[in-house]
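One structure below.
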Amino acid sequence: MSSAATRPAGPDRLWSVEEHLEDILTTVRPLDPIELQLLDAQGCVLVEDVMVPVSLPPFDNSSMDGYAVRVVDVAGASEEFPAVLEVVGDVAAGASDPVRVGPGQAARIMTGAPLPPGAEAVVPVEWTDGGLGEGPVSGMRARSLAPEGAEGHVRVHRSAEARAHVRAQGSDVRAGERALKAGTVLGPPQIALLAAIGRGTVRVRPRPRVVVLSTGSELVQPGEELAPGRIYDSNSFALTAAARDAGAIAYRVGAVADDAETLRSTIEDQLVRADLMVTTGGVSVGAYDVVKEALAHVGDADEAGGGVDFRRLAMQPGKPQGFGFVGPDHTPLLALPGNPVSSYVSFELFVRPAIRTLMGVGDVERPRTTAVLRTDRPLGSPKGRRQFLRGTHADGVVTPVGGAGSHLIAALARADALIVVPEDVESVEPGTEVEVVLLG
Ligand code: AMP
Ligand code: MG
């Protein structure tokens, strides 16, 4: 990538998408790990190797409802010549002191119940008369186990090999093995394993707390009446949802009026619950100074490493961007442009990677692919700016939806991909292979 040294510094410098992203990724640091309850750790990155304290299953147990038997007692058993065994008791799941199975005996056993001492195999109830037979000549074929407490005899009409229908102790994982590696992202199956081995808490990087704040005196909250000349605040909803989708705990702050002092005090108030701050609006040329001025006076901004840099990016939409650190803890802040599509695209390109970096996950960016462009006529794109057009992607083909206008929210709502048109390309012919960012 081109280095900062080869470009003019200060406000005249035009940053590439990569330069801006790299500035974010190299300065935002993963959050410190904490110990969390299992369900609070969902979606988080494990920072410890988790070892197995007790084997799974912890004891030999039955994989079927049936009868625990000795192999020799059912050897050669058939429909015609069933083995008739004395039922010495029941073994339910959770039984701590099961009966002993001696020669010529069987114990009725439930799925998951410990294999009783003396028994070598389980015959499923379907291979027996279910203990309902009265004597050696009964023809009954029960489909399910006899009622609770049924004593007497059971006829088994198939032989069983040793360990048949027995889930061996440690056949899942053994004590001392590694259950999960540090770096694993905890999804439902990983949480299942942690619970199964008895872990109540784990050490992870927490979900970042992201505060989303929109600016604009024209903004009205959805559900309220729209006065003339005003519009609903959609950005704070879009970005809060997107932050949550990226794995963050997101807090939406309603729209703040275009007043630097109000904005400054609101940001300062919010810092206490923020690992990352995101603002929208007030960074384009006309409105530039509100956010800039507000941020210049957020507590401790002048300290080394503090302050927010406002810059222009060689991209469309999303040319004006701000990035820096605010407050006593040097909380990272991204100031996004106000146009709804601009703010959303900026989120996907810059804020999502910042959130994923705070979480410590490996893949910080959205996946990309290439696809064949389907359009009626060539797509125009501004020279010197990387364009991100909205599109729908399926089966290696991408189709633009809506136009390039960064106010087109309805088209955005139909899109599932961004079509990337490089800086040096001013027109893309139908049928051209293009790069696509998959929005998931
Ligand atoms: P700004 O960058 O503040 O000048 O905003 C650019 C455009 O985006 C203006 O038309 C704003 O009305 C619009 N806009 C700004 N913030 C929001 C928001 N939170 N929701 C919807 N539109 C917005
Ligand atoms: Mg504004």
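Within the range 39-55, not a single residue is part of a strand (DSSP E or B) and out of contact with any Lys or Arg (no Cβ under 8 Å at 6 or more places or on another chain). Check whether at least one residue in the range 171-191 is surrounded by fewer than 19 Cβ atoms within 10 Å (Cβ to Cβ), in contact with a helix residue (DSSP H, G or I) (Cβ under 6 Å, 6 or more places away or on another chain) and assigned to a helix (DSSP H, G or I), and report yes or no. Checked against the condition, which is being surrounded by fewer than 19 Cβ atoms within 10 Å (Cβ to Cβ), in contact with a helix residue (DSSP H, G or I) (Cβ under 6 Å, 6 or more places away or on another chain) and assigned to a helix (DSSP H, G or I), the range 171-191 yields at least one hit. Could you check, for the range 151-163, whether at least one of its residues is open to solvent by less than 30 Å² (accessible area, probe 1.4 Å), assigned to a strand (DSSP E or B), at pLDDT 95 or above and among the small types (Gly, Ala, Ser)? So far as the range 151-163 goes, no, none of its residues is open to solvent by less than 30 Å² (accessible area, probe 1.4 Å), assigned to a strand (DSSP E or B), at pLDDT 95 or above and among the small types (Gly, Ala, Ser). Can you find a residue that is buried (at least 18 other Cβ atoms within 10 Å of the Cβ) and of a type in the set (S, T, N, Q) anywhere in the range 49-58? Scanning the range 49-58, I find at least one residue that is buried (at least 18 other Cβ atoms within 10 Å of the Cβ) and of a type in the set (S, T, N, Q), so the answer is yes. Looking at Leu334, is it under 19 Å from Ala241 (Cβ atoms), out of contact with any Ser or Thr (no Cβ under 7 Å at 6 or more places or on another chain) and crowded, with 20+ Cβ neighbours inside 10 Å? In short, yes. For a quick check of your reading: which strands (runs of 3 or more DSSP E) sit entirely within the range 303-384 and have at least 3 residues that are touching a helix residue (DSSP H, G or I) at 6+ places or on another chain (Cβ under 7 Å)? Filter on the range 303-384 gives 307-313, 320-326, 331-336. Within the range 202-231, residues that are farther than 21 Å from Ala250 by Cα and open to solvent by less than 40 Å² (accessible area, probe 1.4 Å) reach partners that are more than 10 Å from ligand 1 (Cβ to nearest atom) and not charged (D, E, K, R) with beta carbons closer than 8 Å, at six or more positions or on different chains, in the pairs Val202/Leu36; Val202/Leu38; Val202/Ala41; Val202/Leu46; Val202/Val50; Val202/Leu186; Val202/Leu194. Does Ala394 satisfy the condition of being within 16 Å of ligand 1 (Cβ to nearest atom) and either closer than 20 Å to Ala238 by Cβ or open to solvent by 50 Å² or more (accessible area, probe 1.4 Å) (or both)? The answer is no for Ala394. Residues that are within 11 Å of ligand 1 (Cβ to nearest atom) and either open to solvent by 40 Å² or more (accessible area, probe 1.4 Å) or free of Cβ contacts under 8 Å to residues at least 24 places away in the same chain (or both) within the range 235-268 comprise Phe237, Ala238, Arg252, Asp258, listed in sequence order.
Considering Gly380, Gly431, the condition of being under 18 Å from Gly318 (Cα atoms) and exposed (fewer than 15 other Cβ atoms within 10 Å of the Cβ) is satisfied by Gly380 alone.
Taking each residue of the range 354-366 that is open to solvent by less than 30 Å² (accessible area, probe 1.4 Å) and looking for partners that are modelled with pLDDT of 95 or more and among the aromatic types (Phe, Trp, Tyr) with beta-carbon atoms closer than 9 Å, six or more apart or interchain, yields Ala354/Phe323. For the range 355-375, the candidate set comprises residues that are within 28 Å of Leu46 (Cβ to Cβ) and touching a strand residue (DSSP E or B) at 6+ places or on another chain (Cβ under 6 Å); within that set, the residue that is nearest to ligand 1 (Cβ to nearest atom) is Arg366.
One line per residue, one yes/no per condition, for (1) at pLDDT below 95; (2) farther than 30 Å from Asp363 by Cβ; (3) part of a loop (DSSP other than H, G, I, E, B):
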| site | (1), (2), (3) |
| --- | --- |
| Asp73 | no, yes, no |
| Ala77 | no, yes, yes |
| Pro98 | yes, yes, yes |
| Pro103 | no, yes, yes |
| Ala107 | no, yes, no |
| Thr111 | no, yes, yes |
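The selection criterion, being among the basic types (Lys, Arg), modelled with pLDDT of 95 or more and within 16 Å of ligand 1 (Cβ to nearest atom), holds for Arg230. Could you please let me know if Gly402 is touching a strand residue (DSSP E or B) at 6+ places or on another chain (Cβ under 7 Å) and modelled with pLDDT under 95? So Gly402 fits the description; yes.
The values are calculated or read from the model by the stated rules, or taken from the named source; none is laboratory data. This is a predicted model, so every value here is computed, not measured. Note that each Cβ is placed from the backbone with ideal geometry, even for glycine, and that neighbours are counted across all protein chains shown. Side chains included, ligands, DNA and RNA excluded: accessible areas come from the protein's heavy atoms. Shrake-Rupley method; radii C 1.70, N 1.55, O 1.52, S 1.80 Å.
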